[in-house]
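Undergrad: I am attaching a structure below and will ask some questions about it afterwards.
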Amino acid sequence: MRTAATPIFIRPGRMWCGDGKPAQDGLALLIEGRRITAIGASNAPPENCEIIDLPQATLLPGLIDAHAHLFLHPYNETSWNEQVLNEAEAYRTIRAVRHAKATLLSGFTALRDLGTEGAGYADIALQRAIAEDLIPGPRLKVAGRAIVASGCYGPARRLFRPDCCLPQGAEEVSGCDEIVRAVRHQAAHGADWIKLYADYRVGPDGETRPTFGLHELRAAITCAHDLNRPVAVHATSDEAIRRALEAGCDSIEHGYDGSRKTFALMARQGCAFLPTLTARDAIASYRGGHTSDDALSEAMRPLALTFRVALDEGVTIGCGSDVGVFAHGTNYRELEWMVRLGMSPHQALLSATAINARILRSDSSLGRLAPGFCADLIAVSGDPTRDISALRRVTLVIKDGVIHRRPMGSS
Ligand SMILES: [Zn+2]
């Protein structure tokens, strides 16, 4: 494992530590090896260290996206169906290597990847390659193949001749025995999280319907928890969200049509919510319904209400974008959406750092700038606690004590 040999002393214009306090001036941070070892006054750098001065920049913890798909690329380049049907796993893996690098260099130092969408367990190999420092990329928590109800995902069979053998975007199961078997297999292959799809567009007219019964969700989640794997559930309809909560899931993905009552239940249970706002906007834009600078599109208006309800009810809201639907390396769009729909920049930054670290069960080492924490940190020019779009201007990226991106002009 490569680590920085020389200690690094960073003097930013301001520092935002992810501890709930506002950004502060006049502080410096010291990295030794793979850890942050001190935060204190900026006037006394220790001897024999590399000094990085960033007077115009804000230093903050590396960002985390808790809903990503490194094995997908934007649907306006290639549709989801075409990617799953026509692109070989090896080709998709080569793309994923590029996506991982773009993600890291844009300031996202950790991701939860929620399913390879037909690329098998290639995410587990990618996670290993990054951890072994063979390629640059964010720290990964992965979900492997993910689990769907039989006949309830894509590519949709009705679009093809009935005797076609179609690869699917996730592992298909029916009944408690099969879903438990799939959970055990996916965990055995190395899945850190189990991802279930509790609803999908499988109604007669393509409307969203629940796909798993409560008994199946319960069986899967009980088994996953026995194996110490948290469970993320894709659910957009109120009924599916409610079932997933009743079954004891750990995070709800999308949740677009959740009711106030259901979000209140989510808050009481301490289940996390990943709103994936950017995915909805991106897909609408690919269909010609993009949100303009001053008006929300028809696709985004209901999400604005749902997001407000989740905020009001005190739900734990993480930052999860569903990147892959849109370009890797532009994950910051999700924070911009969170602010546009009612969070303060400070709240959105907390979601993408300390709160996501807690959702990922990594809050003793990630998501904050503090002595003893992993040296995963970034600098952006400007002040993202006032203007969230400063996240587009990343100038420094350090992961695990290693500098992956440095300001122009510094060596
Ligand atoms: Zn997703």
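Undergrad: Run Ile64 past the list (1) under 22 Å from Gly367 (Cα atoms); (2) over 15 Å from the mean Cα position of the chain (by Cα) and report the number of the one that doesn't hold.
TA: So Ile64 meets the others, but not (2).
Undergrad: Let me ask something additional. Restricting the first residue to the stretch 120-140 and requiring it to be under 21 Å from His404 (Cα atoms) and in the same structural domain as Ala188 (by TED's automatic domain parsing), which pairs with a second residue that is assigned to a helix (DSSP H, G or I) and charged (D, E, K, R) meet a Cβ separation below 8 Å and a spacing of at least six or different chains?
TA: From the stretch 120-140, the pairs are Ile135/Lys101; Pro136/Lys101; Gly137/Lys101; Leu140/Asp123.
Undergrad: On to the next question. Output the number of the condition that Thr306 fails; it satisfies all remaining conditions of (1) in contact with a strand residue (DSSP E or B) (Cβ under 7 Å, 6 or more places away or on another chain); (2) more than 16 Å from the ligand (Cβ to nearest atom).
TA: All conditions are met except number (1).
Undergrad: Sticking with this structure for a sec: Can you tell me which condition Asn48 does not meet? The list is (1) within 16 Å of the ligand (Cβ to nearest atom); (2) not in a helix (DSSP H, G or I), and all the others hold.
TA: Only one criterion in (1) within 16 Å of the ligand (Cβ to nearest atom); (2) not in a helix (DSSP H, G or I) is unmet by Asn48, namely (1).
Undergrad: Out of Ala310, Ala304, Ala279, report the one residue that is in a helix (DSSP H, G or I) and surrounded by fewer than 22 Cβ atoms within 10 Å (Cβ to Cβ).
TA: Details: Ala310 fails: surrounded by fewer than 22 Cβ atoms within 10 Å (Cβ to Cβ); Ala279 fails: surrounded by fewer than 22 Cβ atoms within 10 Å (Cβ to Cβ).
Within the list Ala310, Ala304, Ala279, the selection yields Ala304.
Undergrad: Going through the stretch 1-19 one residue at a time, which ones are assigned to a loop (DSSP other than H, G, I, E, B) and at pLDDT 95 or above? Break it down stepwise before answering.
TA: At the first step, the residues of the stretch 1-19 found to be assigned to a loop (DSSP other than H, G, I, E, B) are 1-7, 16-19.
Pro7, Trp16, Cys17, Gly18, Asp19, listed by residue number.
Undergrad: Name every residue in the stretch 111-141 that is of a type in the set (S, T, N, Q) and away from the ligand (no atom under 15 Å from the Cβ), in order of residue number.
TA: First, pick out the residues of the stretch 111-141 that are of a type in the set (S, T, N, Q): 116, 127.
Scanning the stretch 111-141 gives a single hit, Gln127.
Undergrad: Check off (1) part of a loop (DSSP other than H, G, I, E, B); (2) at pLDDT 95 or above for Ile355 and give me the number that stays unchecked.
TA: Here Ile355 meets the rest and fails (1).
Undergrad: State which residue pairs qualify: first residue in the same structural domain as Thr306 (by TED's automatic domain parsing) and more than 16 Å from the ligand (Cβ to nearest atom) and inside the stretch 243-258, second residue part of a helix (DSSP H, G or I) and among the polar types (S, T, N, Q) in any location, beta carbons under 9 Å apart, and separation of 6 or more residues or different chains.
TA: Pairs that qualify, where the first residue is in the same structural domain as Thr306 (by TED's automatic domain parsing) and more than 16 Å from the ligand (Cβ to nearest atom) and the partner is part of a helix (DSSP H, G or I) and among the polar types (S, T, N, Q), are Leu245/Thr262; Leu245/Gln269; Ala247/Thr222; Gly248/Thr222; Gly248/Gln269; Asp257/Thr306; Gly258/Thr306.
Undergrad: How many residues are outside any loop (DSSP other than H, G, I, E, B) and surrounded by fewer than 24 Cβ atoms within 10 Å (Cβ to Cβ) when one looks only at the stretch 263-276? Before the answer, list the steps.
TA: Of all residues in the stretch 263-276, those outside any loop (DSSP other than H, G, I, E, B) come to 263-269, 272-274.
When the remaining residues are screened for being surrounded by fewer than 24 Cβ atoms within 10 Å (Cβ to Cβ), the result is 264-265, 267-269.
So the answer is 5.
Undergrad: So, in the stretch 282-298, exactly how many residues are away from the ligand (no atom under 16 Å from the Cβ) and buried (at least 18 other Cβ atoms within 10 Å of the Cβ)?
TA: 1
Undergrad: Name the residues in the stretch 217-242 that are surrounded by 24 or more Cβ atoms within 10 Å (Cβ to Cβ) and either within 16 Å of the ligand (Cβ to nearest atom) or at positive phi (or both), would you?
TA: Val231, Ala232, Val233, His234, Ala235, Ala240, Ile241, listed by residue number.
Undergrad: Another question about this same structure. Among what's in the stretch 183-234 and is small (Gly, Ala, Ser) and either not in a loop (DSSP other than H, G, I, E, B) or not assigned by TED's automatic domain parsing to the domain that holds Gly248 (or both), pick the residue that is farthest from Asp250 (Cα to Cα).
TA: Applying the filter and picking the extreme gives Ala188.
Undergrad: What strands (runs of 3 or more DSSP E), lying completely within the stretch 70-172, carry at least 2 residues that are crowded, with 21+ Cβ neighbours inside 10 Å, modelled with pLDDT of 95 or more and over 17 Å from the mean Cα position of the chain (by Cα)? If you could, list the steps in order and put the result at the bottom.
TA: Values: elements: 108-113, 139-142, 147-149.
Fully inside the stretch 70-172 and qualifying: 147-149.
Undergrad: What is the one condition in (1) under 24 Å from Ala129 (Cβ atoms); (2) in contact with a helix residue (DSSP H, G or I) (Cβ under 7 Å, 6 or more places away or on another chain) that Glu87 does not satisfy?
TA: Checking Glu87 against (1) under 24 Å from Ala129 (Cβ atoms); (2) in contact with a helix residue (DSSP H, G or I) (Cβ under 7 Å, 6 or more places away or on another chain), the one that fails is (2).
Undergrad: Being outside any loop (DSSP other than H, G, I, E, B) and not aliphatic (A, V, I, L, M) is the filter here, so list the residues in the stretch 381-409 that pass it.
TA: Scanning the stretch 381-409 gives Ser381, Ser389, Arg392, Thr395, Lys399, His404, Arg405.
Undergrad: What about Ala272, is it within 15 Å of the ligand (Cβ to nearest atom), in contact with a strand residue (DSSP E or B) (Cβ under 8 Å, 6 or more places away or on another chain), under 22 Å from Arg361 (Cα atoms) and assigned by TED's automatic domain parsing to the domain that holds His234?
TA: Working: within 15 Å of the ligand (Cβ to nearest atom): yes; in contact with a strand residue (DSSP E or B) (Cβ under 8 Å, 6 or more places away or on another chain): yes; under 22 Å from Arg361 (Cα atoms): yes; assigned by TED's automatic domain parsing to the domain that holds His234: yes.
Criteria met by Ala272.
The values are calculated or read from the model by the stated rules, or taken from the named source; none is laboratory data. What you see is a predicted model; the values in this text were computed from it and never measured. Counting neighbours? That spans all protein chains shown, and the Cβs are built from the backbone with ideal geometry, glycine included.
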